[in-house]
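Handing you this structure, nothing more for now.
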Amino acid sequence: MNDSLQQIIVDPKQSSQRIDKFLISKLPDTTRTTVQTTIKQGDITVNEAPVKPSYLIKPHDRINIKLTDHFAKKIDILPENIDLNIVYEDSAIVVVNKSASMVVHPACDNWHGTLVNALLYHYQKLPSLAGNENRPGLVHRIDKGTSGLLVIGKTKKSLDRLSKQFMHHSIERKYLALVWGNVESSTGTIDMPLKRSAKDRRIVEVCKAEEGKRAITHYHVLERLGYVTLLACRLETGRTHQIRAHMKYLGHPIFGDTRYGGDQILKGPVFSKYRKFVYNCFKILPHQALHAESLGFIHPNSQQNVHFQAALPSAFQEVLNKWKRYSANSQEAI
């Protein structure tokens, strides 16, 4: 069976019972509200068919539960000997430059090979924030496909103090993003709330204020390269997929972003030579062109401002250089 599913076979002697009540008895670490929400999202099925929370289970029913964030897989997170690109380390913190291919913590379809697995190997005892026991040392995260800087708290005090800075939006986080199109305004701020999409829970979308969480992204243009633009984005808030969703809302999806439409040719001529050029760029950089370049905060021990930077990964830099040459040489560039 797929590792991202948990299956429960109803006992032949089981009496008729609502599925939400039945699952609470089988999954004591969850709540009825969580079960009902997951059923309504279609992530719990019976005999491979969607049901309602009021569905009455029958003997031999096969209940499949998709292991999403609502149902974290009940596994021990194992230490794994994975190299880390450490930018800075002392007794309180470690700053890591994460590769785009690495997932930050175990979750659906990625139970191994994550940053957390690596951290547990290199640092046997890391604290966790309340409610995030399966994410030791973490106070923030960046997406798979996004490279760049993360700070890890090595002690309870440093973890708590870093967490407060993130909560108060006092952390400085700057990203480099290559986006489709010519961004007209040299500087701008996107202040639009975000929520999980009802159609696809893997993405977030702009919504009404009362429906989601406030999200603020500041940006300014670094280079205009014809059919793409290089931006510096500063996060005031840190919502899931914030820059990716905000750039799509702005009409400039991040280049190569498969979740938000950036993996299609959105600007430029129809010539086959141009299409070949773009698809070659996609091949070199098979994920969103987004990099967490700099990170600044107050050190939890010294209380001094510290700042760290990470250069663009080679693949991102190669694609950027290609667009620079194309923009300089092409008479068709905008």
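The values are calculated or read from the model by the stated rules, or taken from the named source; none is laboratory data. It should be emphasised that the depicted structure is a prediction, and the values quoted were computed from it without experimental measurement. Neighbour counts are summed over all protein chains in view; Cβ atoms, including those assigned to glycine, are modelled from backbone coordinates with ideal geometry. For the accessible areas, the whole protein counts, side chains as well, though only heavy atoms, and no ligand, DNA or RNA atoms are used. Shrake-Rupley method; radii C 1.70, N 1.55, O 1.52, S 1.80 Å.
If I stretch the segment between Gln304 and Phe166 completely, what's the gain in nm (0.36 nm per residue apart, minus their alpha carbon distance), one decimal?
Result for the pair: 48.1 nm of gain on full extension.
Quote the FRET efficiency, to the nearest 0.05, computed for Lys156 versus Lys267 with a Förster distance R0 of 51 Å and r equal to the Cβ-Cβ distance.
0.55
Give the ranking of Ile142, Ile24 by solvent-accessible surface, highest area first, calculated with a 1.4 Å probe.
Ile24, Ile142
I need the calculated FRET efficiency for the pair Ser128 and Thr258, taking r as the beta carbon distance and R₀ as 30 Å, to the nearest 0.05.
Once rounded, the FRET efficiency stands at 0.45.
Next question, about the same structure. Any chance you could look up the accessible area of Leu84 with a 1.4 Å probe, heavy atoms only, rounded to 10 Å²?
40
Could you sort His60, His246, His220 by accessible area so the largest value comes first, with the probe set to 1.4 Å?
Correct descending sequence by accessible area is His60, His220, His246.
Okay, next question. Could you give the length gained on full extension between Leu27 and Asn329, defined as 0.36 nm per residue of separation minus the Cα-Cα distance, in nm?
102.6 nm
So, one more: Under a point-charge model restricted to the Cβ atoms of Lys and Arg (+1) and Asp and Glu (-1), what is the dipole moment magnitude of the chain relative to its Cα centre, in debye to the nearest 20?
The dipole magnitude comes to about 560 debye.
Also: Tell me the relative contact order for the chain as a rounded percent, counting alpha carbon contacts under 8 Å between residues six or more apart.
13
Heavy atoms only, probe 1.4 angstrom, no DNA, RNA or ligands counted: give me Leu150, Leu56 ranked by accessible area, highest first.
Most to least solvent-accessible, the answer reads Leu56, Leu150.
Follow-up. Over every pair of different alpha-carbon atoms in the chain, take the mean of 1/r and invert it; report that Kirkwood radius in Å.
By the Kirkwood definition, the hydrodynamic radius is 22.1 Å.
Right, here's the next one. From the residues Leu126, Leu159, Ser185, which one has its Cα farthest along the dipole of the stretch 124-197 in the positive direction, the dipole being from +1 and -1 charges on Cβ of Lys/Arg and Asp/Glu about the Cα centre?
Towards the positive end, the residue furthest out is Leu126.
Related question: Name the residue from Thr30, Leu149, Tyr55 whose Cα lies farthest towards the positive end of the charge dipole of the chain, charges +1 on Cβ of Lys and Arg and -1 on Cβ of Asp and Glu.
Tyr55
Need the full-extension length gain, Arg214 to Lys58, defined as separation in residues times 0.36 nm minus the C-alpha distance. One decimal, nm.
Contour length minus Cα-Cα distance gives 51.8 nm.
Say each of Arg234 and Asn182 gets a label point 7 Å from the Cα, pointing the same way as Cα to Cβ; how far apart are those two points in nm?
With each label placed 7 Å out from Cα toward Cβ, I get 2.7 nm.
Roughly how many Å² of Ser272 are accessible to a 1.4 Å probe, to the nearest 10?
Surface open to solvent at Ser272 totals about 100 Å².
In the stretch 217-248, which residues have a backbone nitrogen under 18 Å from the label point lying 7 Å from Tyr274's Cα in the Cα-to-Cβ direction?
Those under the cut-off are 224-230.
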